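Following: one structure in structure tokens, then a few remarks.
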Amino acid sequence: MPEVELRDIMKRFGNVTASSDINLKIADGEYVTILGPSGCGKTTLIRMIAGIIEPTEGKVFIGGKDMEGVPIEERDIGYVFQNIALFPHLTALGNVSYGPIVKDMDRKEAEEVPRRYLELVRLLDRMAMFPNELSGGEQQKVSLARALASGARLLLLDEPLSALDARVRMDLRYELRRITKDLRLTVVHVTHDQEEAMTVSDRIVLMRNGRIVETNTPELLYLQPKDLFTANFIGETNFLEGAVREVLEDRTLVELRDGTVVEARSSQFGSGDAVVLSIRPERVHPASEGLRSVVRNITYMGTYIRIAVETDSEDRVNFDVSTSEDRDYNIGDRVDLIWSKRSGMLYPRPPEGVSEAIKLE
């Protein structure tokens, strides 16, 4: 069964360490996304699983077998690249037939399998077309069908949607999830797009600077991020710096830099601890009394309006209001903000500063 385990993985290119201290287990049939900013080491990781490059240290196991020295063609994987890599002189059917032919399937199976997978990606009616006659989304579907037709139970997707238009990306990621779950495949999907990762994954592995920051389900990474970087990278959030005033049974009171006291979830912090409070924009609401601020920017986002304010403590806070709301906002308006104590996540204030702790590179 195509379980994947990365054990104590480290990869160096000369003096550059691309991956370090990587320990990860991916269960049979699990859809795992490796997420992170450009240059964080996620593509290096998937290439080590594939056998395109070998780790400097550590071991890669697929189905419990040590992959050291095992070439890519013997790892029983399907690989879909970022740049659509179809044979231009072959039709869609010819491209998908390549794997069965190379694997020396019997003639009947080699004819049936490609058609089966083209039908699965809903392109059977395009099987006689050449790549330059297909749209970008259709070409990537052919690439997927070609990877699946080889019979692999482990599918590696390296930024498979990044070269496509936004609408096509949205449609195709649902297709990816549907197809791979129907076939009960193990999937490792690399992307820098957080929305894509949230949509397709059973579990997300967030990377930064060659290391795993945090791994969890999409829901828990969004609702209960354990790291300041995660809170900032998964979705959007506001950061307010302050110090713990008092820890109560059901909430923590935090004093901001201007002396305002606000609420956060219950925590293990002690009185006087320097903290950073994180609140999602959709959790912040205007009220008759609360954190005092001034409207600095208004952005129309379609289904909602993003209001950016500056608080009396000179912090920047964003909050969202529905376009159906009656109240109008203008630059310079005074507004008070509130949120429930359950909405505020607390983190220790990083010694290097918040900006440094959340920067992408």
Which numbered condition ASN23 misses (of (1) out of contact with any Ser or Thr (no Cβ under 9 Å at 6 or more places or on another chain); (2) in a loop (DSSP other than H, G, I, E, B); (3) closer than 26 Å to ARG184 by Cα): (2)
Which of (1) closer than 21 Å to SER19 by Cβ; (2) surrounded by fewer than 23 Cβ atoms within 10 Å (Cβ to Cβ) is the odd one out, the single condition LEU228 does not satisfy? (1)
Residues of the stretch 19-39 being buried (at least 20 other Cβ atoms within 10 Å of the Cβ) and out of contact with any His (no Cβ under 8 Å at 6 or more places or on another chain), in sequence order, are SER19, ILE22, ILE26
Against the condition farther than 23 Å from TYR222 by Cα and of a type in the set (D, E, K, R), how does GLU196 come out, does it pass? no
Per the filter on the stretch 293-312, residues among the aromatic types (Phe, Trp, Tyr) and surrounded by fewer than 14 Cβ atoms within 10 Å (Cβ to Cβ) are TYR300
Kindly indicate the residue of the stretch 90-114 that is among the polar types (S, T, N, Q) and either touching a Cys at 6+ places or on another chain (Cβ under 8 Å) or crowded, with 21+ Cβ neighbours inside 10 Å (or both) and also nearest to GLU74 (Cα to Cα) among those meeting that condition. SER97
Of the residues GLY332, GLY290, GLY270, GLY235, only one is surrounded by 15 or more Cβ atoms within 10 Å (Cβ to Cβ) and farther than 30 Å from GLN194 by Cα; which? GLY290
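Looking at the stretch 307-319, can you tell me whether even one residue there is within 27 Å of the chain's Cα centre (by Cα) and either at pLDDT below 90 or farther than 23 Å from ARG257 by Cβ (or both)?
The answer is no; no qualifying residue exists.
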Mind checking whether some residue in the stretch 46-69 is of a type in the set (Ser, Thr, Tyr), surrounded by fewer than 16 Cβ atoms within 10 Å (Cβ to Cβ), assigned to a loop (DSSP other than H, G, I, E, B) and touching a residue at least 12 places away in the same chain (Cβ under 8 Å)? yes
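The values are calculated or read from the model by the stated rules, or taken from the named source; none is laboratory data. Everything numeric here is computed off the predicted structure, so don't read it as measured data. Please note: Cβ atoms are built from the backbone with ideal geometry, for glycine as well, and neighbour counts cover all protein chains shown.
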